[in-house]
Amino acid sequence: MAAEGISLAKKRKPHSVTFYALIASIGSAMSGYCGGVMSGAVLFIHEDLKINEAQQEILIGSLILVSIVGGLLAGLIADTIGRKKTLVVGAVTVIAGSSIMGLAPSYLVLFLGRLLTGIGYGFPIAVVPLYITEISPAASRGKLLSIPEIFLNSGILLGYVSSFCLAPLPVFINWRLMLGLGGVFGLLLACGALVIPESPRWLVWQDRIDEAYAILLSTSCDEQQANWRMSKIMGAADNHPVHTDAESAVGSESEFLSKDPVVLHGGGIEGTASTPLLHNTHVHQLEDAWSELLWPHPEVRRALIAALGLQFFQQASGIGSILYYLPSIFQRMHSKNTAGSLGATVTVGVFKTLFISVATYFLDRSGRRALLFISGLGMALSMATLATGFYLLDWISASEPTWSANLPSILALCSSCSFVAFFSMGWGPISTLLPSELFPLRLRAQGLSLTLASNRLLSGLVSLSFLSIMTALTPAVTFFVFAGICALSILFVYFVIPETKGKTLEEINT
């Protein structure tokens, strides 16, 4: 029987978890498009609906702030109806919001559609990393969780491309098409959710053991691996370890798989003194997760400090100033070439997207902490270089040789590209990955919603106050402050952030 089990295990081809991650990450592309397209569309909305600057700022900023509501709702709904159905709810919300904006006859209707889209925007930001975290094997979780970041940035770039391609159309049509196309991403996500499985960890939590085990079998290399993953999940769901004869001997997946094969047979693990694995164990009812997050015990407090600290340093690093205000930064450099400023913005966006592949490759090889150290150091040096470029403005006059007069602008472009490159290889994707790993199952959805809310709030505050801060402190001082915050992030990682590479979620949470 054991030999037969070995043969079957070797022949099994696991369903591609990468495929499931790609389908779920359509939600991230949807969020990226909805955020990026407005930067171009608002120019034509201003011309068509005759809105003022304050109304333009509200249209751009409201998406980020109202996504907090979407993220918090997503955490509650994800624990109630499941992860994949929650993605469908977010997709339908974006379809409705995009349709309203595409047909809006007035600013008020456009704003209401934008608010509805913002709520849907927050759903995938919270649920996509949650879903991918819970369905991925430990060995490939980091790589798979970088996929949403790639899709998010690709969606932003598609928003820019959409604005550029549709701009020649009549003004009363072009911006409506730009915004309405966001619903296409929602439709793709809703259809894609029909073919991906539910999170096995959520199914175990709902006492749907057989369904969870079937999904683990389809996404594991063999029955051994599926049995090991199932025992870990059930142990976490019961809030105490679930021991089988195989598990009592070894604790890690690699050690477990190196032992003599065990084969699932009749609801148990076939071996020496088999203990049933797929027992109908009692799964604890839903606890008051928000109370536990607000008044946490030491283990949850450590996860909470790490998760919220990651969001603070990510947004306080100045990433929003680079992504949203780069044309203004070049204007402060006395650059009057609008086309050049826009071209520089596109260049920075391309760098940000391309360097996510570095994180994809190294996350499960070098680990989270190493990438955060390198990323933080590179970001600090890049911000210091950008600040130096502004400082040089006081010393370089227009009468100097061309290369010297253009030196500050060259430093600004190079430092901005290097900043987003280092950001994308560390602090960008890992700030989303780590919170999804650190919170225990019973708190994971709410914990991710809370970290999303803090991230969006900080992003909104930085975006709304950056120009005022730069005017009050001068650009050089502002970017030196950002450089200092990036340097402090290295100390935060050293003292607070644990290494999670290669560990299962249940091992991390014990």
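Summary of computed values
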| item | result |
| --- | --- |
| Contact order relative to length of the range 59-161, as percent, for alpha carbon pairs under 8 angstrom and 6 or more apart | 33 |
| Where the range 40-155 is the region considered: accessible area per residue in Å², 1.4 Å probe | 34 |
| Fraction of accessible area attributable to carbon and sulfur, the range 161-232 (%, probe 1.4 Å) | 73 |
| P(r) tail fraction, the range 430-510 - alpha-carbon pairs more than 20 Å apart, % | 51 |
| Area accessible to solvent at Leu43, 1.4 Å probe radius, in Å² | 110 |
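The values are calculated or read from the model by the stated rules, or taken from the named source; none is laboratory data. Keep in mind the model is a prediction, meaning the values are calculated, not measured. These area figures cover heavy atoms from the full protein model, side chains too; ligands, DNA and RNA do not enter into them. Shrake-Rupley method; radii C 1.70, N 1.55, O 1.52, S 1.80 Å.
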